[in-house]
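Novice: The structure follows.
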Amino acid sequence: MQHKERLSVRQGGSVAANEAEAVRELHASIYQPAAGLNVFYCSPSYDRERLAVALREAFGRQVVVGCTTAGEIGPTGYTSGGLTGASIASDELSLICRRMDQVSRAQMSDGQDLAQSMLRSIDPQGKARDAGNLFGFLLIDGMSCKEELVVASLYRGLDDVQIFGGSAADGMNFGRTYVYHDGAFHNDACVFTLVKTTLPFVVFKTEHFVGGEGKLIVTAADPARRTVMEINGESAARAYAAAIGVTVDQLAPAVFAGNPVVVRVGGSLYVRALTKVNPDESLTFACAIDEGIVLTVARSLDIEENLRDAFRQVEHNIGKPKIVLGCDCILRGLELDQRSLRGSMGKIMADNLVCGFGTYGEQYNAMHINQTFTAVAIAEPAAAAE
């Protein structure tokens, strides 16, 4: 006896440079009349107005969310300069999608209020939350420097419902980044989608680092600017360079990608990625960093085996996923390029049905982190015994 499909997913994309053509190809590969959610990720090289017009015309009133990227992940693995996306349809999935504007001015109460109102709407009795049938998906302006506050406030407002997400990107330009919601691209904004489903799913993260030896104590910092002036009482750049065995003038993005620092929070390690050395020998990070924090230079594990392990664990937990929505740090991409691993890692992503993008940072539950892959995997329920 045949079982009705309870989860229908379509994935696809385009590397066409023309906006209308790219959306035509995306639509042809992912459109489903009953889709509850369409997700896309696009290169910042596209004209956003033309792309938005094409998306509105193609998908009509369906829910479509997306953002600009530092590379895309789809059925062919890693791509750059294109458009990738997926649609999800299931009678067992419902969602609410809301946008927060002016996130650079956001207060803790803004995220909490938004999350609580969404939670009340989608789960008034609290039954879905009690059953673990909810997760949140965040796409946020990657240049806002407010990811920490926004994700922490949403998580607090949701009473510990799991969240994953990524910071929109602008290639390697670090200029302006955009999220897409309600038929248009928005800067200085975030889009938060709260999903309720009885389908098997798991929110997860993985990073291929473990804590190393030696303590780097932040002794002077400006958290709002994500800048550390001193480590262990000397200039941050000198202390970090000495810890990894290079000179200050050798510090560069490729060196940062291979030598991140980690902080231990509640028994778990979180990467705190470096983005640049400043003329005064201070260091700028990709997420906020406070005085008094104890960092260690991380030791790298095998990035491919680490990713395979993560997917094996996912399959153990929920069965083979039909879709993985993923957020993959730009610094992981730099490391793959350095080590000529983009092809083989892209195959692992494609084999595991990842629809994702290269980010300026990732979110996991209440934390904004770096050099990590965060995701949700959703599977078809195992067929009930006859």
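Novice: Would you check which residues across the range 80-89 are farther than 16 Å from LEU194 by Cβ and buried (at least 21 other Cβ atoms within 10 Å of the Cβ) and list them?
Specialist: If the condition is that a residue be farther than 16 Å from LEU194 by Cβ and buried (at least 21 other Cβ atoms within 10 Å of the Cβ), then GLY82, LEU83, THR84, GLY85, ALA86, SER87 are the ones that fit.
Novice: Which members of the range 51-77 meet the condition of being in contact (Cβ under 8 Å) with a residue 40 or more places away in the chain, more than 21 Å from LYS322 (Cβ to Cβ) and of a type outside the set (D, E, K, R)?
Specialist: If the condition is that a residue be in contact (Cβ under 8 Å) with a residue 40 or more places away in the chain, more than 21 Å from LYS322 (Cβ to Cβ) and of a type outside the set (D, E, K, R), then LEU51, ALA52, LEU55, CYS67, THR68, THR69, ALA70, GLY71 are the ones that fit.
Novice: Check whether at least one residue in the range 31-49 is farther than 26 Å from ARG176 by Cβ and either of a type in the set (Asp, Glu) or in a strand (DSSP E or B) (or both), and report yes or no.
Specialist: Scanning the range 31-49 turns up no residue that is farther than 26 Å from ARG176 by Cβ and either of a type in the set (Asp, Glu) or in a strand (DSSP E or B) (or both).
Novice: If we scan the range 289-296, do we find a residue that is modelled with pLDDT of 90 or more, touching a strand residue (DSSP E or B) at 6+ places or on another chain (Cβ under 7 Å) and farther than 30 Å from THR219 by Cα?
Specialist: Within the range 289-296, not a single residue is modelled with pLDDT of 90 or more, touching a strand residue (DSSP E or B) at 6+ places or on another chain (Cβ under 7 Å) and farther than 30 Å from THR219 by Cα.
Novice: Surrounded by 18 or more Cβ atoms within 10 Å (Cβ to Cβ), at pLDDT 95 or above and of a type outside the set (S, T, N, Q): does that describe ALA184?
Specialist: In short, no.
Novice: So PRO253 fits all but one of (1) under 24 Å from LEU334 (Cα atoms); (2) crowded, with 17+ Cβ neighbours inside 10 Å; what number is the exception?
Specialist: With respect to (1) under 24 Å from LEU334 (Cα atoms); (2) crowded, with 17+ Cβ neighbours inside 10 Å, PRO253 is out only on (2).
Residues checked against (1) over 21 Å from ALA382 (Cβ atoms); (2) of a type in the set (A, V, I, L, M, F, W, C); (3) surrounded by 14 or more Cβ atoms within 10 Å (Cβ to Cβ):
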position: GLU291; (1), (2), (3): yes, no, yes
position: VAL294; (1), (2), (3): yes, yes, no
position: HIS316; (1), (2), (3): no, no, no
position: PRO321; (1), (2), (3): no, no, yes
position: ILE330; (1), (2), (3): yes, yes, yes
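Novice: Is it fair to say GLN338 is among the polar types (S, T, N, Q) and at pLDDT below 90?
Specialist: yes
Novice: Of the residues that sit in the range 346-370 and are within 23 Å of TYR155 (Cα to Cα) and hydrophobic (A, V, I, L, M, F, W, C), which one is surrounded by the most Cβ atoms within 10 Å (Cβ to Cβ)?
Specialist: Filtering first and then ranking leaves PHE357.
Novice: Looking at the range 268-386, what strands (runs of 3 or more DSSP E) fall wholly within it and have at least 2 residues that are of a type in the set (A, V, I, L, M) and in contact (Cβ under 8 Å) with a residue 60 or more places away in the chain?
Specialist: 268-272, 294-300, 321-329, 367-369, 373-379
The values are calculated or read from the model by the stated rules, or taken from the named source; none is laboratory data. Computed from a predicted structure; not experimentally measured. FYI the Cβ positions are ideal-geometry reconstructions off the backbone, even for glycines, and counts take in every protein chain you see.
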